[in-house]
There are 2 protein chains.
Amino acid sequence: MELKARIMGHLLVVSLALNLGFVYRDYSIGKHRQAEDYLGNENECKNSCRVAKRDAHYVEKAVLEDRSSALDDEVIDLDLGDPTMYEKYWKQMGDKTTVVIPGWRFISYFSDVKNICFFLESELADAIVRLHKLVGNAVTQGRSIVVGTGSTQLIQALFYATSPANSSEPVSVVSAAPYYSAYPSFANYLKSGLYEWGGNAHKFKGNKPYIEIVTSPNNPDGSLREAVVKNKQAGILIHDLAYYWPQYTSISSPADHDIMLFTVSKCTGHAGTRLGWALIKDEEIAKKMTEFMVINTIGASKESQVRGAKILQAVADSHENNRGSTKSEESNSFFEHSFNLMAHRWKILSNAVNQGNIFSLPQFPSGECSFSRRTFATQPAFAWLKCEGEIDDCERFLRKHKIISKGGNYFGDSPKYTRISVLPRHHVFENLVHRLSTISSS
Amino acid sequence: MELKARIMGHLLVVSLALNLGFVYRDYSIGKHRQAEDYLGNENECKNSCRVAKRDAHYVEKAVLEDRSSALDDEVIDLDLGDPTMYEKYWKQMGDKTTVVIPGWRFISYFSDVKNICFFLESELADAIVRLHKLVGNAVTQGRSIVVGTGSTQLIQALFYATSPANSSEPVSVVSAAPYYSAYPSFANYLKSGLYEWGGNAHKFKGNKPYIEIVTSPNNPDGSLREAVVKNKQAGILIHDLAYYWPQYTSISSPADHDIMLFTVSKCTGHAGTRLGWALIKDEEIAKKMTEFMVINTIGASKESQVRGAKILQAVADSHENNRGSTKSEESNSFFEHSFNLMAHRWKILSNAVNQGNIFSLPQFPSGECSFSRRTFATQPAFAWLKCEGEIDDCERFLRKHKIISKGGNYFGDSPKYTRISVLPRHHVFENLVHRLSTISSS
């Protein structure tokens, strides 16, 4: 029960992230910005939203002090990994990825009745296989594809599909700390009798069944990972490979695990499309996931699927069509463009952070990428910032400087760490770097 | 535990429906059809799929006997409510509802941060409000709109949002029999500690908290319903109004309940779009539903939302633009067209059934529709067929005649009843009527 109680705190994390604070909106190119708060109804707060209230306090304070437009006074909200960085690239691509859907399409629940996942549009399946083959980041042969409303839904489908039938107690879902802050919520919010959050995989003991989520590169800290609990007979491994794409990390070899998860949100940036896919070796698991998908939502939006297909095909096209082109044309290829952007962002971010002794960032080993033939170190979608010295709560410290991040405690780690998204729009990122630089050098 | 065991049977219902049997595909207009089976891996069947195996047996037998194209030998699968009837109308509408989505849209998770449901596209919200106002079937004023991946997801969001906090035992979810066969699955498949299926609302006793689903018109039997358990203090009412549209029933007045559910699947027929919406009076419930939606899928597909918006606006346009037009133009208005289609189908279906004493159909009272000003009796999306006399299992009886339906036991009722979809494509419906007519008059 103590575990459960502790976990209930986690339940708020995703919700909190989205209820919290400020979201910036451009009203014209880089000129006018408006911070809008979405704090919910504070008067009717219960225990569970105390954290939100505390956060709201800082945010409100930050805003009320001065709403003038000077860079230093803007609240920079990088608590969530909203991948708006990618918007500019897709605007540049013009109508190459424009999707046209006539009114009579998608009347039926069915897409392909011969497929285990009968609501999977075959054009999406084709695009997924083509892209993995091109990038070389995952084996698709001998796998069933199950599509979902983001990998968020698919990971829950996997809990359902892999938890032992007729067990008297819920199976433990574990992941090595620091782990993605939403995993505990996924496992606990419905108080399922099938599965429950079991915490840090490093601390998991006993010979009982478990599900371990291996996230690589990891959210929040960007590390490359392998399973921690080594008990093949009792364990199910879910490999969450949302960030295993060549703009974030070097592709060492095609991932060949039994259960692998991907999502367009982090691959191409289309988070609003809510589209993820699972590559599943065991047909029985794919069937059980499909069963979950049917009971949970009767499949996944076919509009998102055909749009996802078009976008993934455009990504593959951008590489295959630019082969042997000039360097400037090549730099329009999606992963080339995104790699360069991430490399630039990490360079200026590291410079800003390294100006003083207040902050530090993780160090990543270099590897040769089989896709780009470059040798480079991981440049993750999040910065896992550590506050050095006497600063015990890095999230709180940054908040005083009007930077909203997500503290280490949400990830099962020390509050000396905090997670900052590296994927916002250009001006927000520039502002972040400026702010961190000012703090570092002060 | 006995209840739980009984319910586990229900868990299969949706899955079963979709794994089962045959789906017809047109290869040219009404000429060639192919029955494709999607039976899953029978060899590895566990207890839970015994029903599927039994069904599969009948279906296979039916097919293997004769694959020739004579009408009498075709397997007619109307087990599911796949609303393919509507496809023809939308084809006739040409490009009026064609949606064009450029590649840069929907990068962000957010749609409207000022809205409780921050992932709701404002153009969908506008379309929903406009259509309800035009049809007069629901009050939208003073309600929050929460959008979901079909009303299937929203009903689960409601279980989460309305189950009592910190209760020591799960709240009972009940509905009057015959109830929609998927409700027990929704409530039980994750063995939630928050809520569980409590069965037929008529048999619910005690002064403990409960959630009652009131489906009106009802699936499967088309009846107009009110709450059965009258205990305002302990109960939460969910009004599932998926079929409260003027092609199915007369609109008596705008529904004014605290919690109302709608879906495009049954309103316009776009089942593959997976789009539903809830109208919620209590802001705290809307917030908690949004929290569920975030943890379950981080919102709902924005592609589906903008497409849904376009389609709902086209439905409203088709009525407002045709006001005062000629009768033939008016008959192109969506609800007018769909009403006429349903009226025709029910007329020929009733004639076929009433030729003998083998079958009977429910009788519905007539009412004046405030939208169309017509007086008519409900003409539901499903026929709730009863086998009279000595036939104890109506689903089984029909299966011998190669009609796949869903037996009364799935709906908490007698196997003397079975549910047949009235919404398939034209040729399938014609074939059904022909087949029933032959059986009735034999």
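The values are calculated or read from the model by the stated rules, or taken from the named source; none is laboratory data. From a predicted model like this one, the values you see are computed outputs, not experimental measurements. Backbone-built Cβ (ideal geometry, glycine too); neighbour counts: all protein chains shown.
Per-structure values
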{"quantity": "Helices (runs of 4 or more DSSP H) enclosed by the stretch B:333-442 - at least 3 residues per element that are more than 29 Å from B:Ser175 (Cα to Cα) and aliphatic (A, V, I, L, M)", "calculated": "B:334-353, B:426-440"}
{"quantity": "Filter pass, A:Ser163 being among the polar types (S, T, N, Q), touching a strand residue (DSSP E or B) at 6+ places or on another chain (Cβ under 9 Å) and buried (at least 20 other Cβ atoms within 10 Å of the Cβ)", "calculated": "yes"}
{"quantity": "Answer from B:Leu224, B:Leu241, B:Leu131 - the residue that is closer than 30 Å to B:Asn322 by Cβ, touching a helix residue (DSSP H, G or I) at 6+ places or on another chain (Cβ under 7 Å) and not hydroxyl-bearing (Ser, Thr, Tyr)", "calculated": "B:Leu131"}
{"quantity": "Failed item, numbered, when B:Met260 is tested on (1) away from chain A (no Cβ under 14 Å); (2) in contact with a Phe, Trp or Tyr (Cβ under 7 Å, 6 or more places away or on another chain); (3) not basic (Lys, Arg)", "calculated": "(2)"}
{"quantity": "Residues of the stretch B:278-309 satisfying the condition of being away from chain A (no Cβ under 11 Å) and farther than 13 Å from B:Ile116 by Cβ", "calculated": "B:Ala309"}
{"quantity": "Flag for A:Arg274 being touching an Asp or Glu at 6+ places or on another chain (Cβ under 9 Å) and at positive phi", "calculated": "yes"}
{"quantity": "Matching option when the condition is under 25 Å from A:Ser421 (Cα atoms) and touching a Ser or Thr at 6+ places or on another chain (Cβ under 9 Å), among A:Pro220, A:Pro209", "calculated": "A:Pro220"}
{"quantity": "Pairs with Cβ under 6 Å, 6+ apart, first in the stretch B:377-401 and basic (Lys, Arg), second at pLDDT 95 or above and outside any strand (DSSP E or B)", "calculated": "B:Lys386/B:Lys416"}
{"quantity": "Sole residue being more than 30 Å from B:Glu368 (Cβ to Cβ), modelled with pLDDT under 95 and touching a strand residue (DSSP E or B) at 6+ places or on another chain (Cβ under 6 Å), chosen from B:Val113, B:Val100, B:Val146", "calculated": "B:Val113"}
{"quantity": "Residues being touching a residue at least 24 places away in the same chain (Cβ under 8 Å) and not in a loop (DSSP other than H, G, I, E, B) - total across the stretch B:160-211", "calculated": "25"}
{"quantity": "Pick from the stretch A:225-245, criterion part of a loop (DSSP other than H, G, I, E, B) and under 15 Å from the mean Cα position of the chain (by Cα), ranking: farthest from A:Val173 (Cα to Cα)", "calculated": "A:Trp245"}
{"quantity": "Test for A:Asp240: is it among the acidic types (Asp, Glu) and within 26 Å of A:Thr84 (Cβ to Cβ)", "calculated": "yes"}
{"quantity": "Matching residues, the stretch B:81-94, being in a helix (DSSP H, G or I) and more than 7 Å from every other protein chain (Cβ to nearest Cβ)", "calculated": "B:Met85, B:Lys88, B:Tyr89, B:Gln92, B:Gly94"}
{"quantity": "The stretch A:298-315: number of residues that are crowded, with 20+ Cβ neighbours inside 10 Å, in a helix (DSSP H, G or I) and of a type in the set (Gly, Ala, Ser)", "calculated": "3"}
{"quantity": "Some residue of the stretch A:283-297 being in a loop (DSSP other than H, G, I, E, B), crowded, with 24+ Cβ neighbours inside 10 Å and of a type in the set (S, T, N, Q)", "calculated": "no"}
{"quantity": "Candidate set: the stretch B:109-155, residues that are facing another protein chain (nearest Cβ under 9 Å) and part of a helix (DSSP H, G or I); chosen: the one surrounded by the most Cβ atoms within 10 Å (Cβ to Cβ)", "calculated": "B:Gln153"}
{"quantity": "Within the stretch A:99-108, tally of residues that are at the interface with chain B (Cβ under 7 Å from one of its Cβ atoms) and in contact (Cβ under 8 Å) with a residue 60 or more places away in the chain", "calculated": "3"}
{"quantity": "Total residues in the stretch A:198-220, condition farther than 26 Å from A:Leu385 by Cα and in contact with a Pro (Cβ under 6 Å, 6 or more places away or on another chain)", "calculated": "1"}
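Let's see how each residue does on (1) polar (S, T, N, Q); (2) within 28 Å of B:Arg225 (Cβ to Cβ); (3) surrounded by fewer than 16 Cβ atoms within 10 Å (Cβ to Cβ):
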site	(1), (2), (3)
B:Val353	no, yes, no
B:Phe359	no, yes, no
B:Arg373	no, yes, yes
B:Leu385	no, yes, no
B:Lys416	no, yes, no
B:Ile439	no, no, no
